[in-house]
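The values are calculated or read from the model by the stated rules, or taken from the named source; none is laboratory data. Computed from a predicted structure; not experimentally measured. Here Cβ is always computed from backbone atoms with ideal geometry, including for glycine, and neighbour counts include all displayed protein chains.
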């Protein structure tokens with residue numbers, strides 16, 4: 001697989017995150033239109049780490065779609081399968097940030113262009129030319145885009161890609177949480193590496209014992225590499241019965257957590273690209289987690305995510321300064 005054209009191809013949502021950036025003279029929140037979407041955030045970070053990436057998805061033919069197309073191209077992501085739909089609006093998300101960085105989302109998406117991607121619009125050759133295929137569940141909330149996602153997964157599996165999955169649970173986007181659970185479990189049954197957050201483990205297994213949650217993931221889905229992010233508690237890796245963990249990098253300068261999980265996910269995928277997914281040692285898992293935690297910490301000090309991902313050297317310097 002090392003001779004393939006792309007390191008990572010991803011399918012999923014691309015949207016505008018409207019994030020609060022001060023208040024007006026009347027006391028109203030000022031909203032900044034930041035390019036976003038979990039899977040494209042992941043690709044943007046991978047590009048910063050020197051990897052070649054491609055994106056499969058759809059935006060509307062409107063001012064926000066044009067902004068997103070420009071932003072994705074600017075990062076270096078291949079956009080040959082980024083479709084501009086003349087009849088749809090680009091999906092918007094309004095993000096309210098609480099003290100400490102936690103967020104609440106309001107989505108304007110029914111329908112949004114990203115959920116209108118069709119199976120026949122997916123360029124299978126992009127996936128076949130990739131070492132890793134990465135996806136989440138926001139491309140499975142509705143029947144048409146769900147069919148496209150499942151088709152892409154089948155292509156990736158047949159092509160021998162490493163499959164990376166981030167559930168990225170956003171309850172407001174699902175008709176029911178039972179639907180969300182079913183699509184998360186579909187992804188869990190088909191991935192080789194999983195990035196999952198503490199609240200998603202709690203959602204799936206009704207437990208805050210994350211070792212127990214990881215054991216259930218292994219028992220039910222046989223995922224080789226499971227990475228659990230724990231917010232201010234750091235992160236853990238579970239790999240063939242081995243457990244590793246790394247402390248977080250807490251910052252006083254944290255503005256918001258938008259993109260932190262995506263940055264962590266991209267850094268983890270990058271490690272697998274550089275070291276493989278076979279025969280990893282505990283020390284390597286700790287190295288993976290430490291870098292990913294540091295990169296995620298840096299992004300919490302910046303507005304937005306896609307355009308402001310840190311470089312490898314920034315992350316290494318940050319780790320060295322904290323050692």
Checklist outcome for this item: In the range 247-285, anything under 19 Å from residue 215 (Cα atoms) and not in a loop (DSSP other than H, G, I, E, B) is listed as 282, 285
Item to check | Listing of strands (runs of 3 or more DSSP E) fully contained in the range 47-108 that carry 3 or more residues being over 21 Å from residue 30 (Cα atoms) and touching a strand residue (DSSP E or B) at 6+ places or on another chain (Cβ under 6 Å) | outcome: 53-60, 78-85
Next on the checklist: If I go through the range 20-43 residue by residue, how many of them are buried (at least 19 other Cβ atoms within 10 Å of the Cβ) and either over 18 Å from residue 296 (Cα atoms) or out of contact with any strand residue (DSSP E or B) (no Cβ under 8 Å at 6 or more places or on another chain) (or both)?
Outcome noted: 2
Item to check | Residue among 71, 93 that alone is within 21 Å of residue 261 (Cα to Cα), buried (at least 20 other Cβ atoms within 10 Å of the Cβ) and out of contact with any helix residue (DSSP H, G or I) (no Cβ under 9 Å at 6 or more places or on another chain) | outcome: 93
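Looking only at residues that are free of Cβ contacts under 8 Å to residues at least 60 places away in the same chain and touching a helix residue (DSSP H, G or I) at 6+ places or on another chain (Cβ under 8 Å) in the range 48-67, which one is farthest from residue 292 (Cα to Cα)?
60
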Checklist entry - Any residue at all in the range 273-281 that is at pLDDT 95 or above, crowded, with 17+ Cβ neighbours inside 10 Å and in contact with a helix residue (DSSP H, G or I) (Cβ under 7 Å, 6 or more places away or on another chain)? => result no
Item to check | Selection within the range 232-246 - farther than 18 Å from residue 318 by Cα and part of a helix (DSSP H, G or I) | outcome: 233
Checklist entry - Among 175, 190, which is modelled with pLDDT under 95 and at negative phi? => result 175
Item to check | Residue that is farthest from the chain's Cα centre (by Cα) [pool: residues in the range 6-32 that are at positive phi and modelled with pLDDT under 95] | outcome: 27
Checklist entry - Does any residue of the range 73-89 turn out to be farther than 25 Å from residue 125 by Cβ and touching a residue at least 40 places away in the same chain (Cβ under 8 Å)? => result no
Next on the checklist: Given (1) buried (at least 23 other Cβ atoms within 10 Å of the Cβ); (2) more than 18 Å from residue 43 (Cβ to Cβ); (3) at pLDDT 95 or above; (4) touching a strand residue (DSSP E or B) at 6+ places or on another chain (Cβ under 7 Å), identify the lone condition not met by residue 256.
Outcome noted: (3)
